[in-house]
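Each remark here refers to the structure printed beneath this line.
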Amino acid sequence: MENNPFLIQFNGYDPSKESLRETLCTLGNGYFATRGAHESCRADSIHYPGTYLAGGYNRLKSEIKGQVIENEDLVNWPNWLFMTFRIDGGNWFYPDRVHILSYSQTLDLSSGVLHCSCRFSDSEDHITSLKSSRLVHMDLPHLAAIQWKLTPENWYGEITIHSALNGDVSNCGVKRYCDLNGNHLKIIGYGLHSNDGLYLEVSTTQSEIRMSQAMRTRIYKNDILLQVERKYVEQKNYCAQEMTFECVPDETILVEKIASIYTSRDFAISEPVSASCQAVEHAGTFADLRTSQVNSWKKLWDRFDVQVSGNDQSQKLIRLHIFHVLQTASHNTYDLDVGVPSRGLHGEAYRGHIMWDELFVFPLLNFRNPLLTREFLLYRYRRLPQARLAAKNSGYKGAMFPWQSGSDGREESQRIHLNPFSGHWIPDETYLQRHINAGIVYSISLLRCKFISTLTKHFSSLR
């Protein structure tokens, strides 16, 4: 890692560490987040390019060893990242199928931009440099963007860029959940929306949340937009464009992919497909989006930064934690009616459920954005009917909040658990962690004290 306390850098390519790096390099804005997998990677035993929507849950049943288990999960939505390329009709680029000469990833906490530099040779001894930059926009929460700088070093010939929206995804990011039903999505439609753009629309199978992803891909050489040959590619639950053109050594090609995401839960739209397609058509270039992204994160750091002295590593780690909190909980979370998932919007562990992790982030939010704290407490308030029902069913008065909560506030913890060693079902008493009630009351009291303190200071200044 470099000395810059806003940069997190990983050098070298190590498949065994990719899962952790992809989690740490997640980019989000409080509305949605996408894991830090390389654009050319599909979900496999090494990589997992998941995209998650705040509050984007779906409920499914699974039959395992004679038991029907029902679970609500934070859904893995279609992969808008996917891009790869090939030379002269050869093999498509994939990091695990080439000889990596150098590889590094740099997460810039100050701007919310992820950089990746990869230099490699393929089976034909073509040496290529590929530098990518990626952002999920903090002030334009429906937009995300990728920029590739691709340079042939010792070859010339025909290159084809493949840029896709992949709806052939499922929830399979946690090994011990893989035997459960993870097929949360059904495809509604996909196709071209412009000469350089595609869209893909899906819906969850039970909660019926519709999402549309739209994208456009453009190729530049020497800052000039190329008019390239385009081919539309359609597979099951998948659509792409392939753009073919000629390359020469040491001439850098710029590939720019802009994507947008809208859902049926969003305000002030007619419907998700038209909203996402319009957003892509009217979005600026990657450079435009990056400039406004830098400004957005500067405002956040001016308010949220915590500075320590004497230990550069501690400073960097504190900023990394703040960065990931803000990618799960930001001003874009207002009015979404969501809580704080225990693993953020970074993956599928704990099924994306809401436990009591707000207790640990409220001290950061209370003095910097108390309105956001209020939003998360409203999530609990709106689910009081379920909490009262849970108390009544257990023979108590009042309200009893669940240890694991999802969309409607019922208890999402398992009541039985399949022992992986014996293969037998045994009671799972996780739900008995009633201390979450005390945590919620404590959080309410903290916010109340903060508002009283703020009002006291305000009126004191008026004297």
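Applying the criterion of being surrounded by fewer than 16 Cβ atoms within 10 Å (Cβ to Cβ) and either within 27 Å of GLY55 (Cα to Cα) or among the aliphatic types (A, V, I, L, M) (or both) to the residues of region 306-319, the residue that is farthest from the chain's Cα centre (by Cα) is VAL308.
Taking the criterion of being closer than 30 Å to TYR57 by Cα, surrounded by 19 or more Cβ atoms within 10 Å (Cβ to Cβ) and touching a Phe, Trp or Tyr at 6+ places or on another chain (Cβ under 9 Å), the residues of region 148-183 that qualify are SER163, ALA164, LEU165, ASN166, GLY167, VAL169, ASN171, GLY173. Restricting attention to region 350-377, the residues being in a helix (DSSP H, G or I) and over 14 Å from SER405 (Cβ atoms) number 13. Scanning region 1-23 for residues that are touching a residue at least 40 places away in the same chain (Cβ under 8 Å) and buried (at least 16 other Cβ atoms within 10 Å of the Cβ) yields PRO5, PHE6, LEU7, ILE8, PHE10, TYR13, ARG21, THR23. The lone criterion from (1) surrounded by fewer than 12 Cβ atoms within 10 Å (Cβ to Cβ); (2) on the phi > 0 side of the Ramachandran plot; (3) of a type outside the set (Val, Ile, Thr) left unmet by GLY409 is number (1). Select from region 247-258 the residues that are over 30 Å from the mean Cα position of the chain (by Cα) and assigned to a loop (DSSP other than H, G, I, E, B) and write down the one among them that is nearest to ALA283 (Cα to Cα). Among them, the one singled out is GLU251. Of all residues in region 117-133, none are of a type in the set (Val, Ile, Thr) and surrounded by fewer than 16 Cβ atoms within 10 Å (Cβ to Cβ). Would you confirm whether any residue within region 204-213 is part of a strand (DSSP E or B), charged (D, E, K, R), within 13 Å of LEU165 (Cα to Cα) and in the same structural domain as PHE245 (by TED's automatic domain parsing)? So far as region 204-213 goes, no, none of its residues is part of a strand (DSSP E or B), charged (D, E, K, R), within 13 Å of LEU165 (Cα to Cα) and in the same structural domain as PHE245 (by TED's automatic domain parsing). Within region 333-356, restricting attention to residues that are buried (at least 20 other Cβ atoms within 10 Å of the Cβ) and out of contact with any helix residue (DSSP H, G or I) (no Cβ under 8 Å at 6 or more places or on another chain), the residue that is farthest from HIS142 (Cα to Cα) is HIS353.
Surrounded by 19 or more Cβ atoms within 10 Å (Cβ to Cβ) and under 20 Å from ALA54 (Cα atoms): is that true of ALA283 in this structure? Judged against the criteria, ALA283 is not a match.
Among the residues of region 216-246, how many are on the phi > 0 side of the Ramachandran plot and in a strand (DSSP E or B)? Result for region 216-246: 0. If I filter region 163-193 down to residues being without any contact (Cβ under 8 Å) to a residue 40 or more places away in the chain and of a type in the set (Lys, Arg), which single residue comes out as farthest from THR204 (Cα to Cα)? Looking at residues that are without any contact (Cβ under 8 Å) to a residue 40 or more places away in the chain and of a type in the set (Lys, Arg), I get LYS175.
The values are calculated or read from the model by the stated rules, or taken from the named source; none is laboratory data. This is a predicted model, so every value here is computed, not measured. We place every Cβ from the backbone using ideal geometry, glycine too, and count neighbours over all the protein chains shown.
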